[in-house]
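The values are calculated or read from the model by the stated rules, or taken from the named source; none is laboratory data. Please read all numbers here as calculations on a predicted model, not as lab measurements. Reconstructed Cβ throughout: ideal geometry from the backbone, glycine too, with neighbour counts over all protein chains shown. The accessibility values were calculated without ligands, DNA or RNA, using every heavy atom of the protein model including side chains. Shrake-Rupley method; radii C 1.70, N 1.55, O 1.52, S 1.80 Å.
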Amino acid sequence: MTSTVDPISLPQRAASNDTEIDREALASLLVEIARSVDPDYRARLDGVPTADPRMETLRQLLVGREISELSRVTHLLDEPEQLAAAVGDVLPSAAARASHAQLGEALAPAVERAVQRSIQKSPRTLTDILYPVFLPAIRKSIGEKIDQTFQSLNETLRHIFTWHGLKWRFEAWRTGASFSEVVLKHSLVYRVEHVFLINRNSGLLIAHVTADNATSEDPQLISSMLSAIQDFVKDSFNEKEQSGLDTIRFGELRLWSEVGPFATLVAVIRGNPPEELHEIVRDVLLRIHDECSQALEQFDGDSSQLAGVETQLQTCVELKQEESNQGFPWLVVAAVLLVLIPAGGWFFLSWQSGQRWQAYVSRLGTQPGIIVAEQKMRDGQFYIAGLRDPLAADPQSLLSGTQVDPARVHSHWQFYQSLEPEFVLKRLTASLAPPDSVRLSIVNDRIVAEGEAPDTWIDRARAAARQLSAGGPVFDISKVRDVSPEARAAEHWQTYVSRLEAQPGIIVAQQRARGGHFYISGLRDPQAADPQALLSGTGVDPARVHSQWQFYQSLDPKFVVKRLMASLAPPDSVRFSIMKDRIVVVGEAPAAWIDRARVAAQQLAADGLSLEISELRELTPQELTRLREAIQAVDIFFDSGKAVPGPEQLPVLDKLANQLKGLAKDARKAGVTAQFMLTGHSDAVGRETTNASISAARAETVRALLKKRGVAPESLLVRGAGTFEPAETENSRAGSSANRRVSVTVNFH
């Protein structure tokens, strides 16, 4: 049956961007389905409008849900904020389900870079974080160092003038230790009697070691009391958790406490211990934590896992120093002090006053524009004299901060003009008053002016440069451009002239500017650039330029090569190159072209140029040579007085035509062009003019006959030789017949 469905055509538009559905492909598929159902259906594809509502309905029925989902996902991917929110909803659960090792390896580089950038951007943040940790440790270290210094100073002064002091000074020189260390080693009297190791969290006693002959009560009770005292101090004075009570003094007994992460070490010391004992106790506590860190953290009263701790604590109770019986030499010290104090005070004050004065003199000496010629101290007064530039700093104001009494300073300064570049620059700026478009600066001890200025200011600046004192800085105004219209026009003209002079093939003989017009003349090679085109971009008005160029042939190798290429017309197998002002020709060429190149080389040699053709090879393959010799041996003969060959010459013409076409074809394969010269000849019978005409006519006839037989006419050249090139003498009838001919000469190009 016949289908009643309306003909449809494929919609000619691209797929919608929101669905990425190719409607044209879908319509083509539906047409193929319709053709399969109804073979008689014939749809004309060019008669349906672009939008077919039935197609849209079918599309929604088939892939409507998929199109909606794709549109939603595409919109989500195009919106960074919505995409970030969607990823953020699933990122925590994804991170929780990931392997800890893999997650750590993946996040480690990003976290490291983030921390590095954060520290680089705001180092103060890291400082604020570490401040609560480092400050107490630094404060404690500085406090201990100060105590140790005062203790060392006290003991050194006590024994400096005693017999033991002399022996200890010798010991310090022999051992390389400081004298104060040796004094403390022999003079301080102390003994470590008890060492307690107490758990920080529970306050339980971990270990206790007692020195020989030392008595004490219940160690556990003492440990509890020490922990209670620590807690009491923290609660009473709102101390931080990481701080603690580190020193308690009761009579001759001192309790030194060192706090660790999990335990506190308390040493009970009798006497006056050195401050470096803190470091010894602290090292013992650090070793205990390194060896038993886990056991200390999990300590619950059972000391079985900490059996080796007592060995470490035993090193503390072995520390002691015996008492020295040497007394302090008070009388000697008092006598020495009575002599040294007044003398030292006087020398110190004199030295201090001299140092302050020398500091002031040094400050003056470094000031540009000030030359100190003389300075001295006498009877508590200071005298100074020299030279001073008015633009230099005020010497009186430089006294500020030196603690030198101005009333005791007597100065005498004479006027002079300094040649320092900065002072010369100030004076030039004040006298010349440069316009805003000119900037004066100091470059390598020279004063350089840059910018634009009127010619009047430039003349003043040039005069000021000549007036500068010898030995002073150079005033360079070469970088200041004259902004007057005439100067700009002259500058643009000189730019154009310089551009012309730089062009090869152009010689500027004369140039001048007069009355707002510019005149230029010289020589120009036809191959050189166009002077009128070079005016572009120079700012010179072409209407104001009057030029006169005379023809000449430049000897520049580039132009010579161009002329040689035009005159010699080299074959494709020949290449010209310029090597150190020499023109070198390389390649292969026919012998005739090489002869022409040799003549050109001789002509150039007369002009002082070198054209080297020694590397040229003659392009005459054996096959071409054989064919040329065979062709040049052929002659077309004529009857007397005739310009058309007889019938017997037609086979000769046929063979000659085939030979010429074959040679031309082979020559093209070899990269050369073959040309054939047809030369007409005649016998000596009759007038010479008649013989010359008939010889040329015979050559033209042969050319026409060869052209008729398929030989390319552009490869055939003709000339009439008349009777001037006879083949035989004309003493016989056979000689005359041989001279009535047309000969062929083959040339390669």
For the residue pair residue 417 and residue 72, what label-to-label distance in nm results when each label sits 7 Å from Cα along the Cα-to-beta-carbon direction?
9.0
Mind giving me the nanometre distance, one decimal, between the label points for residue 592 and residue 356, set 7 Å out from Cα along Cα→Cβ?
11.2
Rounded to a whole %, the carbon-and-sulfur portion of the accessible area of the range 379-516 at a 1.4 Å probe is 50
Taking the alpha-carbon set of the range 671-749, what are its Rg and Dmax in Å?
13.7, 46
How much net charge surrounds residue 640 when only the other residues with a Cβ under 9 Å from the Cβ of residue 640 are counted, with Lys and Arg +1 and Asp and Glu -1?
0
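On a full-extension model of 0.36 nm per residue, what is the gain between residue 629 and residue 439, subtracting their alpha-carbon distance, rounded to one decimal in nm? Write down the numbers at each step before the final one.
Values: separation 190, 0.36 × 190 = 68.40 nm, distance 8.53 nm.
In short, 59.9 nm is gained.
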Run the simple label-point estimate for residue 272 and residue 253 please: 7 Å along Cα→C-beta, distance reported in nm.
2.1
Residue separation times 0.36 nm, minus the C-alpha to C-alpha distance between residue 315 and residue 459: what's the value?
42.6 nm
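To the nearest 0.05, how large is the calculated FRET efficiency for residue 548 and residue 495 if R₀ is 25 Å and r is the Cβ-Cβ distance?
Numbers: r = 20 Å, r/R0 = 0.82.
The computed FRET efficiency comes out at 0.75.
Determine the order of 701, 311, 538 by accessible area, beginning with the largest, at a probe radius of 1.4 Å.
311, 701, 538
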Over the Cα atoms of the range 531-677, each weighted equally, I'd like the Debye log10 I(q)/I(0) at q = 0.09, 0.10, 0.14, 0.21 Å⁻¹, rounded to two decimals.
-0.52, -0.60, -0.83, -1.21
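Quick one: accessible area per residue over the range 472-518, 1.4 Å probe, rounded to a whole number of Å²?
Working: 2630 Å² over 47 residues.
That works out to 56 Å² for each residue.
Averaged over all directions, how much area does the convex hull of the C-alpha atoms of the range 564-626 cover when projected, in nm²?
Values: hull surface 17.6 nm².
About 4.4 nm², averaged over all directions.
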Grab the beta carbon distance between residue 343 and residue 174, set R0 = 30 Å, and tell me the FRET efficiency rounded to 0.05.
0.40
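Under a 1.4 Å probe, what is the accessible area of the range 630-744 per residue, stated in Å²? If you can, show how the numbers build up before the last one.
Details: 5930 Å² over 115 residues.
For the range 630-744, the solvent-accessible area averages 52 Å² per residue.
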Principal axis lengths of the range 376-503 from Cα atoms, whole Å, largest first?
81, 26, 25
How large is the translational diffusion coefficient of the range 588-652 in µm² per second when you combine the Kirkwood radius over alpha carbon pairs with Stokes-Einstein at 25 °C and 0.890 mPa s?
158
Extension gain from residue 120 to residue 514, taking 0.36 nm per residue of separation minus the Cα-Cα distance
135.1 nm
With bins 5 Å wide starting at 0, give me the P(r) of the range 601-698 over every alpha carbon pair, in whole percents.
2, 10, 15, 14, 12, 12, 11, 10, 8, 5, 2, 0
Compactness relative to 2.2 N^0.38 Å, alpha carbon Rg of the range 353-397
1.14
For the table 558/707; 479/580; 642/665; 642/708; 669/707; 642/707, the rows whose alpha-carbon distance is greater than 31 Å are 558/707; 479/580; 642/665
Rounded to the nearest Å, what's the spacing between the alpha carbon centres of the range 450-520 and the range 593-626? Just the number, please.
52
State, as an integer percentage, the relative contact order of the range 568-667 based on alpha-carbon contacts under 8 Å between residues 6 or more apart.
21
Whole-number D in µm² s⁻¹ for the range 327-421, Kirkwood Cα-pair radius fed into Stokes-Einstein, 4 °C, 1.567 mPa s
82
